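Have a look at the structure below before the remarks.
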Amino acid sequence: MHIMLVDDHSLIRSGISDSLAKHYPGIEITEAESSKAALSLAREQSIDLALVDLFMPGEKLFSLVRELGSRDMDIPFIVLSSSDNPSHIRKCIDLGALGYVPKSSAQSELFAAVDRVLAGGTYYPSPALQAHQPEPAADEEPVSMSYGYNEVENILTARQMEILELIAHGQTNKQIANNLGVSNYTVKVHVSAVFKALGLSNRSQAAILGEKIGLSSQVTGN
């Protein structure tokens, strides 16, 4: 497991790195002290998860979060911040953060967030925020099941469209990881993001939707 830790304070990076190394033996941790360094590392290295500070000196608020959540990036990330302002948390969620942990939290909360996101889930500070994008009831068909190709393409990132296409072809997470040259952790996170963005509750719905909009008829790698 390779984690990138982004924070402008070296003491904070050191403390978090030590805690992660003790809790996850064998983990690889790469540190970055600026958004520029983080984005450079993100493009050069294979990273399973990024832990990023929200407030970086000399940079606009949410700038790094916005970059990591863009179509060009392929890294799941959790925001670590001194702010527990609900508007900040919701903005990070809207920009693609799969987790948010206030720096005042106990170490156990950080570990719980890392475990949850790497397992394909999300982690936010309160039940109200976890319900920011509620899943449909089990007996209720998601609205997205009636969408066409263009509507789905406008909702998902380019990478998420690739994931949905491979799900429509019946591929497992391991097969998808091999096809795309990424880790299983990364695939799990992207699958979760696809479900969340489209309001889907399971893989079957994703496969049916992908087939409905023609993704299963497209040629893909083995």
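The values are calculated or read from the model by the stated rules, or taken from the named source; none is laboratory data. Here the structure is a predicted model, which means the values were calculated and not measured. Because the Cβ atoms are built from the backbone with ideal geometry, glycine has one as well, and the counts that use them run over all protein chains shown.
Would you say residue 138 is part of a loop (DSSP other than H, G, I, E, B), within 18 Å of residue 203 (Cβ to Cβ) and either at pLDDT below 80 or touching a strand residue (DSSP E or B) at 6+ places or on another chain (Cβ under 7 Å) (or both)? Yes, satisfied. Only residues that are closer than 18 Å to residue 3 by Cβ and either of a type in the set (S, T, N, Q) or in a helix (DSSP H, G or I) (or both) were counted in the stretch 179-191, giving 8. For the stretch 1-32, filtered to residues that are over 21 Å from the mean Cα position of the chain (by Cα) and among the acidic types (Asp, Glu), the residue that is surrounded by the most Cβ atoms within 10 Å (Cβ to Cβ) is 8. Against the test of being under 30 Å from residue 102 (Cβ atoms), among the basic types (Lys, Arg) and modelled with pLDDT of 75 or more, the options 188, 212 yield a single qualifying residue, 188.
Restricting 74, 48 to residues that are under 24 Å from residue 156 (Cα atoms), at pLDDT 85 or above, of a type in the set (D, E, K, R) and in contact with a Ser or Thr (Cβ under 8 Å, 6 or more places away or on another chain) narrows the list to 48.
Residues that are at pLDDT 90 or above and of a type in the set (A, V, I, L, M) were ranked within the stretch 159-175; the one that is farthest from residue 95 (Cα to Cα) is 166. No other residue among 37, 32 is in contact with a strand residue (DSSP E or B) (Cβ under 6 Å, 6 or more places away or on another chain) and farther than 24 Å from residue 158 by Cβ apart from 32.
Only one entry of 90, 43, 66 meets the criterion of being outside the structural domain of residue 188 (by TED's automatic domain parsing), in contact (Cβ under 8 Å) with a residue 40 or more places away in the chain, in a helix (DSSP H, G or I) and not aliphatic (A, V, I, L, M), and that entry is 90. Across the stretch 154-178, the qualifying residues are those that are β-branched (Val, Ile, Thr) and assigned to a helix (DSSP H, G or I), and the one among them that is farthest from residue 68 (Cα to Cα) is 167.
Once the stretch 114-129 is narrowed to residues that are at pLDDT 50 or above and not in a loop (DSSP other than H, G, I, E, B), the residue that is farthest from residue 84 (Cα to Cα) is 118.
Checking each residue in the stretch 30-60 for being among the hydroxyl-bearing types (Ser, Thr, Tyr) and closer than 15 Å to residue 81 by Cα picks out 34, 35.
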